[in-house]
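Following: one structure in structure tokens, then a few remarks.
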Amino acid sequence: YPLSTLLVFDSSRNAIPVAWVITSSLTGQDIHKWVGSLAERLRTKDSRWRLNAFLVDDPSFGFSAIRDAFQCRVLLCVWHVRRAWIRSLLKTCCNIDVQREMFKHLGWILYSSRSVPNAMDAVQEFMEVFVDQSAFMDYFKSQWSPYIESWVSCIRSLPVAGPEPHAAIESYHRRLKYKLFNDQYANFWPRIDWLIHTLTTEFHSLYWLDQYTVETGYFSNLRDESFSTNAWYQALHIPDIDVVLDEQNLQVAKVISQTDRNLAYTIWNPGSEFSLCDCHWSNLGNLCKHVIKVAMMCKNRQVARPLLAAQIYRQTLLSLLHNPPDDPVVLDHAILCTTRLQQDVKGWEDLSNSGLLQQLPPELNSQMADNTPLFARSH
């Protein structure tokens, strides 16, 4: 039985589990069976609580059911896709330069950002270019080819979550796997009753104790520091001066190590969702603090192209003007939203060009981060 987790993010971008869902199949179409009850339960607990957004990590989820239940926007999360691809690349390909090029091409496939007729044509081109990487190609064809078109289609219709929540998701996922897949519990893994007991007692207690310690200051010596050390949180503590960006040639970036000042890590394809770093943590297939820090710098300085996800979503919205739907009500709404988007983008560009665009204060950033749940699979 697949296990899924409903996560919320606190002001430090930590992922906190608030519910677990165990279903009889992997398909997300069964979401309508429980999402309404969950929304009602939340309103009963606190009628003032409102969601900013709902992130999902499966194109098969019933997005309309989520919108109806929570009355909020739905975003797509591609963290586990990126993680699975880079881990397989690290395992099957020994050439670092080839790894980087393949990872970049995989990003082009996922976001359909190349001039090819459809996703499968992009996949075919990818397989022809890297035909000598047979081990990865066998994995990709068997595990991902059947689902690529649905992912690309979903990315074209939904906004995609940025890299910040990915670090929190990864931290939670790692902690969950460590707890559940401890060898001393191997005899209990097939048992659902053991899974439910472990989640609702031992695992849940870790989060309760951490929150209690933060709020009261008691038992601070028992606090698990991993709860506040996800990659995004760590990236905030890297000074800007330790990042070396060549704005004329954004092929690579450098980040000076915080523990060894004589060491600098190299980030390839900086500012992209498919960046790679040569640090130990990244070489294990994880999202490292150096990649996130460089992405922050690229965004703040506006020295890199927008994220692939932002480019695709903007193209989708603007295409509504050129290919309007038949329904006049939908057409009016689409034109209104697209016009506002164009005005907002133009306004931000004018402010940026005039030097008047200021960063949001930390407390506002924190407020924007709150009340953003993610429905994430853990299998």
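The values are calculated or read from the model by the stated rules, or taken from the named source; none is laboratory data. Source: prediction; values computed, not measured. So basically every Cβ, Gly included, is an ideal-geometry build from the backbone, and we count neighbours across all protein chains shown. Calculation scope for accessible area: heavy atoms of the full protein, side chains included, ligands and nucleic acids excluded. Shrake-Rupley method; radii C 1.70, N 1.55, O 1.52, S 1.80 Å.
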What order do you get for 178-187, 91-100 when each peptide is scored by the mean count of other beta carbon atoms within 10 Å, highest first? 91-100, 178-187
Go through 254, 299 and list them by solvent-accessible area, largest first, probe radius 1.4 Å. 299, 254
Do the alpha carbons of any pairs in 91/293; 141/179; 91/141 sit beyond 20 Å of each other, and which pairs? 91/293; 141/179
Between residue 121 and residue 218, what is the label-point separation in nm under the 7 Å Cα-to-beta-carbon projection? 6.5
Cross-link partners among lysines for residue 45, C-alpha distance below 23 Å, same-chain residues fewer than 8 apart left out? 33
Tally up the carbon and sulfur contribution to the accessible surface of segment 231-301 as a whole percent, 1.4 Å probe, everything protein left in place. 50
7 Å from Cα along Cα→Cβ at both residue 138 and residue 280: what's the point-to-point distance in nm? 3.2
Which Cα, out of 126, 102, 81, lies furthest along the positive dipole direction of segment 79-157 (beta carbon charges, K/R +1, D/E -1)? 81
Tell me whether segment 138-213 comes out rounded, prolate or oblate; compute the Cα gyration tensor, take square roots of the eigenvalues as a ≥ b ≥ c, and use a/c under 1.5 as the rounded threshold. oblate
Ranking 281, 144 from most to least accessible area with a 1.4 Å probe gives 281, 144
Three-way shape call for segment 231-301 based on the alpha-carbon gyration tensor, with the a/c threshold at 1.5: rounded
